[in-house]
Amino acid sequence: MVKLSERIGLISPSPTLQLLKIKNTMKKQGKDILDFGAGEPDFPTPEIIKERGIDAIRNNHTKYTPVTGIPELKEAIIKSYMDEQGFQPGEEQIIVTPGSKFGLYLILQAITDPGDEVIVPKPYWVSYPEIVRYSGGNVVYADHLKENSLFELTADSYTEKFSGKTKAVIINSPSNPTGMIMNSEELKKIISACVDKNIFLIFDDCYRRIIYTDENFESPLKLFPDSMENIAIVSSLSKTFSMTGWRLGYTIASEYICKAMAKLQGHSSSNPCSISQKAAVGALLDDQSYLAPMIDEYRERRDFIANRFNEIGNISFVNPEGAFYFFADFTYYINKMGFKDDGDFAMDILNKLNIIVVPGTAFGAPNYLRISYANSLKNIRKGLDKLEEYLKG
């Protein structure tokens, strides 16, 4: 047997993808699964986008493309970002990637040397620490679990962890798993601090169109247009346009960062899927009237769950401002029911109720559960009825 590399031992399998594997196995066994672990919209890809993809196939747009993406898609990204965020990047400041996760991977591979520190939010999206470690960096956590400011995305939570070894910080807003958003004042503070210390800021805004408040959350690049050498925006079409399986994301950054990312992408994945790129042009430029009803439905589901949690009692949570997750503290029930930890608790829920939830430990927050409401209101009602009976039984 060939010995595996030491570096592959630095990372663990994705817990959320492992749950997907469990779900598929249980479905094959004929079990009726209620999936509250899903990190993807339950809505199908809109027809107008699918037609763009079908047209691409029919018109033989099925060959290699430029490594960094087709010009048509870059033009669509430029227009879309200007319309939504008030900043106009240049074509050479954009790289299209096979999903935003790969964009994040490319950035960290391009900028991180052994011993560099990268500050990630805690609770964190499960892949942040793993990608940092695989890039040779050391993970430092910005603590957003403080009782007096639970889940608040503050500049101080990052700057208090700055050291001489800090190379980059990652901000995820709206956040997975908490749904919280960093407001403009805090964003200004952290960008100023990063520019002053020459620290790179990676802003993951994959959920930026799924927001439930009326507050205006400005783009980092609009706030600090002259600081592009210190900022990268990692974005995705997966969540907003329900295009998870199309695997397409993009990064907006300075030209030298994009060139470094392109070198690695050219020797790994090569170009993103040609068909997906054509579909993405439609997603960004065609009619988007389907988005408002989707977000309204997410909001209705969020409000329903918040009301039910309050009715059940002894579940602590902060109402999400965006994305489609509740990150709720189940410490009371874990202790009351005698479970060792949130992992055992979540597995018991799966085995007894056929309900998938994600243990908070996967996000750096023991005794929490991430509950996705990317599911129908009918299924959410059914699942919470079963959960209440289980918790109070």
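A value for Rg/Rh (Cα atoms, Kirkwood Rh) was derived from the coordinates, and within the list (1) 1.02; (2) 1.34; (3) 0.96 it appears as (3).
Other residues whose C-beta falls under 10 angstrom from the C-beta of Ser175 contribute a net charge of -2, scoring Lys and Arg +1 and Asp and Glu -1.
Kirkwood-type hydrodynamic radius, segment 63-285: 17.4 Å, calculated from all non-identical alpha-carbon pairs.
For Ser184 and Glu47, a Förster radius of 25 Å and the Cβ-Cβ distance give a FRET efficiency of 0.10, rounded to the nearest 0.05. Rounded to the nearest Å, what's the spacing between the alpha carbon centres of segment 65-136 and segment 263-295? Just the number, please. Distance between centres, Cα-based: 14 Å. For the listed peptides 334-346, 221-233, a ranking on the average number of other beta carbons within 10 Å per residue, highest first, reads 221-233, 334-346. Between Ser14 and Leu353, the modelled label-to-label distance comes to 2.5 nm, taking each label 7 Å out from Cα in the direction of the beta carbon. Of His61, His267, His144, the sequence from fewest to most neighbouring Cβ atoms within 10 angstrom is His267, His61, His144. Residue order for Arg370, Arg302, fewest other beta carbons within 10 angstrom first, comes to Arg302, Arg370. Extension gain, Ile22 to Asn138: 0.36 nm times the residue separation minus the Cα-Cα distance gives 38.7 nm. The phi torsions of segment 153-170, fed into the Karplus equation with coefficients 6.51, -1.76 and 1.60 and a -60° offset, translate into couplings of 8, 9, 5, 4, 4, 8, 5, 5, 9, 5, 9, x, 9, 5, 9, 7, 10, 10 Hz, rounded to whole numbers, with Gly and Pro shown as x.
Among the helices of the chain, those built from whole DSSP H runs whose Cα atoms reach 15 Å or more along their own axis and whose mean Kyte-Doolittle hydropathy is at least -0.5 are 47-58, 100-111, 184-197, 255-266, 274-285, 342-353.
When the Gaussian network model of the chain links Cα atoms closer than 10 Å, the mean-square fluctuations of Thr331, Thr97, Thr213 top out at Thr213.
For the pair Asp303/Thr331, report the inter-label distance in nm, with labels modelled 7 Å from Cα in the Cβ direction. It is 3.1 nm. Under 22 Å of direct C-alpha separation, and excluding same-chain neighbours fewer than eight residues apart, Lys382 reaches these lysines: Lys23, Lys27, Lys28, Lys31, Lys352, Lys392. Can you classify segment 31-89 as rounded, prolate or oblate using the Cα gyration tensor, where a ≥ b ≥ c are the square roots of its eigenvalues, rounded means a/c under 1.5, and otherwise it's prolate if a/b beats b/c and oblate if not? It is oblate, given that a/c is not under 1.5 and a/b is not larger than b/c. When each of Met347, Met26, Met261 is scored by the number of other beta-carbon atoms lying within 10 Å, the sequence from fewest to most is Met347, Met26, Met261.
Using 0.36 nm per residue and subtracting the Cα-Cα separation, the extra length available between Glu147 and Gln88 on full extension is 17.3 nm.
Readers should treat all values here as calculations from the given coordinates under stated rules, not as data from a laboratory. This is a predicted model, so every value here is computed, not measured. Here Cβ is always computed from backbone atoms with ideal geometry, including for glycine, and neighbour counts include all displayed protein chains.
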